[in-house]
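J.: One structure follows; several queries about it will come next.
Taken together, the values in this text are just the output of simple stated rules run on the coordinates, not laboratory data. This structure is a prediction, so every number in the text was calculated from the model and none was measured. Virtual Cβ from ideal backbone geometry, glycine too; neighbours counted across all protein chains shown.
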Amino acid sequence: MSEMRISVVIPVYNEEANIQALMGRLLPVMESLAKPFEIILVDDGSRDRSLDLLKEFTSHPSVRVVELTRNYGQHAAIMAGFSVVRGDIVLTMDADLQNPPEEIPNMIRVMEEGEYDVVGTIRKSRKDSFLRILPSKMINVVARKITGVSMRDWGCMLRAYRRPVVERMLACHEQATFIPALATVFAKRVTEIEVEHEERFGGKSNYPLRKLINLQFDLVASFSDFPIKLIMYGGILMSLLGVCFGAFLAIARLVYGVRWAAEGIFTLFAILFVFVGLQFFALGVIGEYIGRIFREVRKRPEFVIERIYGRDGDRP
């Protein structure tokens, strides 16, 4: 029986300040495992010197660099890395060193001892700002509700997957997805362990609040029809309230006269504006779903690999 191979997939976007430090810590950790390994560095359309710095490490026999044609986003870049991995256990992590590479041996040990399909991580003493932590907590609540899996930290990309889970995720061909949640669809045994969390080593975050909000909607829209159901039930409730309110106005007019009804006209306008706003919001949510259906129907690729650099030689 051949020895188990370990693959590490790292999406990279404008991380020139972190690459040297990242590889300086990651390579010794992987070599200390005394197992066959490979490191897949996915350049997600970087606009700085990241790709040039990554290519310098392809002289190492276990390092490959995947160059994408443009910036597709973190999860699409990870999927691109998944498409070329050869390992039996596949780990993902960020390039900013907030995920310490030194945690990898413990993750592999837990996966092997417990025969888990997915090993997630819980960040201890997070070093992020409140504006990063709050959306992350919201994602955790929504992900637990949608997947039915009681994991505490869905936002940490330091995770380990069995090869069959990775292959099943690749077979989905979804245009927008949330990899940690998608993996639980195909995993039988899932667990989490606590890991350290560090300050970003260099540069600035490539995940502003706007992207976190988009990620939240990707999670909801890709795994649930809850927003549409919420709108449906909300519409029924508002209709019933409207009927009751109309009956109240009719009775009040009969009891207090026309003058009372006229004096309440601004209240009616305010209520009308609220209802119109809710309608536009509902149309926006429905339109978002229709837009996603449109993108799926077009069948455009989730990512396009321009070139692969590494031990097999540079190839398109």
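J.: Kindly indicate whether F130 is under 20 Å from D96 (Cα atoms) and aromatic (F, W, Y).
T.: Working: under 20 Å from D96 (Cα atoms): yes; aromatic (F, W, Y): yes.
Yes; evaluated as a whole, the condition is true for this residue.
J.: Another question, then. May I ask you to verify whether R144 is assigned to a helix (DSSP H, G or I) and either surrounded by 13 or more Cβ atoms within 10 Å (Cβ to Cβ) or in contact with a Phe, Trp or Tyr (Cβ under 9 Å, 6 or more places away or on another chain) (or both)? Give the derivation first.
T.: Values: assigned to a helix (DSSP H, G or I): yes; either surrounded by 13 or more Cβ atoms within 10 Å (Cβ to Cβ) or in contact with a Phe, Trp or Tyr (Cβ under 9 Å, 6 or more places away or on another chain) (or both): yes.
For R144, the condition - assigned to a helix (DSSP H, G or I) and either surrounded by 13 or more Cβ atoms within 10 Å (Cβ to Cβ) or in contact with a Phe, Trp or Tyr (Cβ under 9 Å, 6 or more places away or on another chain) (or both) - is met.
J.: Would you please name the residue that is surrounded by the fewest Cβ atoms within 10 Å (Cβ to Cβ), looking only at residues in the range 1-58 that are over 26 Å from the mean Cα position of the chain (by Cα) and basic (K, R)?
T.: Ranking the qualifying residues of the range 1-58, first place goes to K35.
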